[in-house]
Amino acid sequence: MLYVICGIVFFLILLFVIIFLHFKKKYKFYLSKVSEANNNIEIIIEKKVEILLKIAQIIDKDKVKELEEFKGKNLTDHQCYIELNSIGNKLLKDTDDEEYESNMKLENLINRFDDNECDLKGVLKYYNDNAVEINNYRHKFPSNIVALFLNFKELDIYKIEKRESFAILSK
């Protein structure tokens, strides 16, 4: 009888260890994907700042100072994304003036900015998809026990904003 009880206890412990290792592996997999996305977000945000600096040098010298100050700030990627969207929207709104309509250099920069935005939205979606998976695992049994033991925190989700179109179409 004692052997049966010991066998059952051993089996339950073994089962718990297997489940624990399985979900730990899943967490590590999704965390590596989130880490990769964070690295890509940082790179794309740096490129976005550089493009906006070049646009600001053409449009508004005051914005150059604002962007230089922004580069000196120590912000999280989420805060950078939000603040850069605000600065970028203000700056691009000014590019729709007629005086800049024939500026090819500015047009090329805006095209690069649009490509950068497209890349950034793709990476943000990739990040959000994996962060949602991690957050879902944190709320489901038995993976929530693994999250508790390994002290995994819930991840923030980016709110992906659509850029306003400022160009007025004429008939």
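The gain in end-to-end length when the K28 to K121 segment is fully stretched comes to 31.1 nm, 0.36 nm per residue minus the alpha carbon separation. What trypsin sites (Lys or Arg not before Pro) does segment 1-82 have in DSSP loop regions with at most 15 other beta carbons within 10 Å? Within segment 1-82, the qualifying trypsin sites (Lys or Arg not before Pro) (loop, at most 15 other Cβ atoms within 10 Å) are K73. For the pair I160 and V17, label points projected 7 Å from Cα toward Cβ lie 4.2 nm apart. A simple spin-label model places the labels of V9 and E66 6.9 nm from each other, with each point 7 Å out along Cα-to-Cβ. When the Cα convex hull of segment 1-96 is projected onto planes of every orientation, the mean area is 8.6 nm². For the chain, the longest principal axis of the C-alpha atoms and the axis of helix 2-59 are separated by about 10°. For the chain, the longest principal axis of the alpha carbon atoms and the long axis of helix 61-72 meet at an angle near 20°. Using all pairs of distinct alpha-carbon atoms, the Kirkwood hydrodynamic radius of the chain works out to 19.3 angstrom. For L2 and E107, the difference between the fully extended length at 0.36 nm per residue and the C-alpha to C-alpha distance is 29.7 nm. If the segment from L148 to E42 were pulled out straight at 0.36 nm per residue, it would be longer than the present Cα-Cα gap by 35.3 nm. For the pair I82 and K140, a Förster radius of 45 Å applied to the C-beta separation gives a FRET efficiency near 0.90, rounded to the nearest 0.05.
Read the figures in this text as sums done on the coordinates, not as results from a lab. Fair warning: this is a prediction, and the values are worked out from it, not measured in the lab. Here the Cβ is made from the backbone with ideal geometry for all residues, glycine too, and neighbour counts use every protein chain on show.
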